Structure formats: structure tokens, C-alpha cells
Amino acid sequence: MEIVILDGYTENPGDLSWDGFKQLGACKIYDRTPLDESVIIQRIGNAEVVYTNKTPITKNVLDACPNIRFIGVLATGYNVIDIAYARKKGIPVSNVPTYGTASVSQFSIALLLEICHHIGHHDESVHAGKWASCQDWCYWDYPLIELDGKTIGIIGFGRIGQAEGRIAKALGMRVVAYDLYPNDNGRAIAEYLDLDELLAVSDVITLHCNLTDANQGLINKNTIAKMKDGVILINNARGQLVNEADLAEALNSGKVAAAGLDVVSTEPIRNDNPLLTAKNCIITPHISWAPKESRARIMQCSVDNLKAFIDGKPIHVVN
């Protein structure tokens, strides 16, 4: 069996092993593949198994590579694959449904804590000599925020949202949540509210929902107007949940005091993204998922997906 991995670098920049795949077939591994159908088709060639992270597998690619029998995703999201056409051709597509609960929820809280304390900035200022030359025994360049007693509103209260809720409770926060499918596990952590009520009462709002046609641009001029003045927004779910021009305007006016973002609408970020010049906006390069422990779970699940397909019982099939 010939296996091709089209863009393996972000999953494994060298600190993990591809041996699990190599034990299952002849394996070609590319760090990156250009977004050029002719190159993608050439690299897949006669392979029966294709793994991708962000490299598109389109109808044209599927037609040009008739030997493909299985497609694996080295991630949860599978929008880069024409899954309907793959299904029509009898090709199962399997993803990694759960791997980053701990890392993504931890990173969300890290963004919040950075906004509250600006630890990175103050560390840099000390190393630049500001403390050594300070006439007072301490200083702070931003307002410092204590979270105890404040309300965090979590939009999307599945595994990751609930994990974040548990951390927030440990910090002394009141946790409220909005989700289309409330459940008892969630009720043990948070009070479920409707969306407008959550927007109105929350000091901090975090996003942990899947992206759908219905919630694209969920954070926009109208929903921001329903929030408290000085609210903090955290998003390390999907960039398209936020209307970026509206958020930038709210940050610059002070309606939103600060935002911590690990995702944007177009990635890598474009130089003209309005959030790059907005006030009090922390942006990181989509790394919530990337601790080694989390990536090791992706690797193991991806290997298990292929083993299950070989055994004739494919798992985690999304089409």
C-alpha cells in the first residue's frame, strides 16, 4: 500500500515519528505541498492512501488520482476536501475528532491572562532596563485585572468549552454558557443562558463553537452592541466567527477593552487585516492546538484511522 502525506510539517516538524504510517505501507512524506492542483496530483500519483492537513483535495484531484481508496485528515476540520464527491466515489474520509481539548482550553485562558497582566510586555520592559531605572519600586504599563468574581460567557459548550469553564471556575469566575445542545455535564459547570443574555452579563466572552453557515460573523456590530462596555473577547475557535472590521472598530472605540485571538478569517493573516492595527489586540499564529502532547494524539489517531480502514472497519468517517 502506497501512502502519501502531503503537508506533514505542522503536525510533525521533527519531534514526532512517522513510524506508525511506515509500518503500514510505503510512505512518501512532504513537509509542504503548493496549492497547485497539478503538483498535488503529481505527488499523489498512484497512492491508495492520502493524508492532508490543509492541502485541498478537490473533485479534479480525485478524478485525476483514481487509485485513492482512503483519505485521512491530520486535523479535525475537513473543509479542504470535497467530501461529497469522495463519498460518491466510495472513498471514506476520516478525521481526528478529539485531540486538543486540554491544549486549546489552556491556551484560551493563557490569552485571557496575558490581557489581564501583560506578562510578556512587562518582562521585555524589565530586560530593556526600565525597572532598573525606575524611581518607584514597581510599575505597570497597563491596567491589571483580577478575574475572581467576574463572569465569563462561553459560546459553544462542548468538550473544549467545558474544560475552559472548569479552569475559569478555579480562578473564581462565574461561568455562563450558550450552546445549542445543553447537557447535564455542562450544567455541572455553568449556567446556560440564551445568547443575548450571555452577551449582556459577561465581563469576558470566549468562543468555542464550530463554524457553520448560521454563525459566520457571529461577533459583529449588532452583537457587540449588546455586550458590556469594556468586555474582553477571546477567540481560538475559528476566525470566521468574527466580523473583523466590526471588532477592530469596537477595540479602537474602547467598547471592547481587549481581544485575544489565535485565529483570523484568512490564514496566514493578511497584511491588511484591520485587527493588526487595532488597539489592545493580541494575535497569535493559530497555535492553540500545537503542544507536542496534542500533536502526538493526532498522530496516533491518524494511524489508528488507517489501521481501521485496512481492517475493513473505518472509523471517524466524516462522509
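The values are calculated or read from the model by the stated rules, or taken from the named source; none is laboratory data. All values reported here derive from a predicted model rather than from experimental measurement. With ideal geometry, Cβ positions are generated from the backbone for all residues, glycine too; neighbour counts draw on all protein chains shown. In case anyone asks, the SASA skips ligands and DNA or RNA and just uses the protein heavy atoms, side chains included. Shrake-Rupley method; radii C 1.70, N 1.55, O 1.52, S 1.80 Å.
Below, the figures for the structure above:
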read-out	value
Test: residue in the stretch 251-264 that is open to solvent by 10 Å² or more (accessible area, probe 1.4 Å) and among the acidic types (Asp, Glu)	no
Failed item, numbered, when Ile3 is tested on (1) more than 28 Å from Arg238 (Cβ to Cβ); (2) surrounded by 14 or more Cβ atoms within 10 Å (Cβ to Cβ); (3) free of Cβ contacts under 8 Å to residues at least 60 places away in the same chain	(3)
Helices (runs of 4 or more DSSP H) (entirely within the stretch 1-119) containing at least 3 residues that are within 30 Å of Gln162 (Cα to Cα)	101-117
Candidate set: the stretch 9-33, residues that are closer than 11 Å to Arg295 by Cβ and in contact (Cβ under 8 Å) with a residue 60 or more places away in the chain; chosen: the one most open to solvent (accessible area, probe 1.4 Å)	Thr10
Whichever residue in the stretch 268-292 is part of a loop (DSSP other than H, G, I, E, B) and open to solvent by 90 Å² or more (accessible area, probe 1.4 Å) and, among such residues, is nearest to Tyr142 (Cα to Cα)	Lys279
Sole exception among (1) among the basic types (Lys, Arg); (2) in a helix (DSSP H, G or I); (3) open to solvent by 40 Å² or more (accessible area, probe 1.4 Å) for Arg295, by number	(3)
Out of Thr76, Thr58, sole residue that is open to solvent by 20 Å² or more (accessible area, probe 1.4 Å), modelled with pLDDT under 95 and polar (S, T, N, Q)	Thr76
Failed item in (1) under 18 Å from Ile232 (Cβ atoms); (2) buried (at least 17 other Cβ atoms within 10 Å of the Cβ), with Gly149 passing the rest	(2)
Some residue of the stretch 109-120 being modelled with pLDDT under 95, surrounded by fewer than 21 Cβ atoms within 10 Å (Cβ to Cβ) and not polar (S, T, N, Q)	no
Selection count where residues are under 15 Å from Thr98 (Cα atoms), touching a residue at least 12 places away in the same chain (Cβ under 8 Å) and of a type outside the set (Gly, Ala, Ser), scope the stretch 293-319	13
Qualifying positions in the stretch 83-105 - under 29 Å from Leu171 (Cα atoms) and either surrounded by fewer than 17 Cβ atoms within 10 Å (Cβ to Cβ) or over 24 Å from the mean Cα position of the chain (by Cα) (or both)	Pro97, Thr98, Ala102
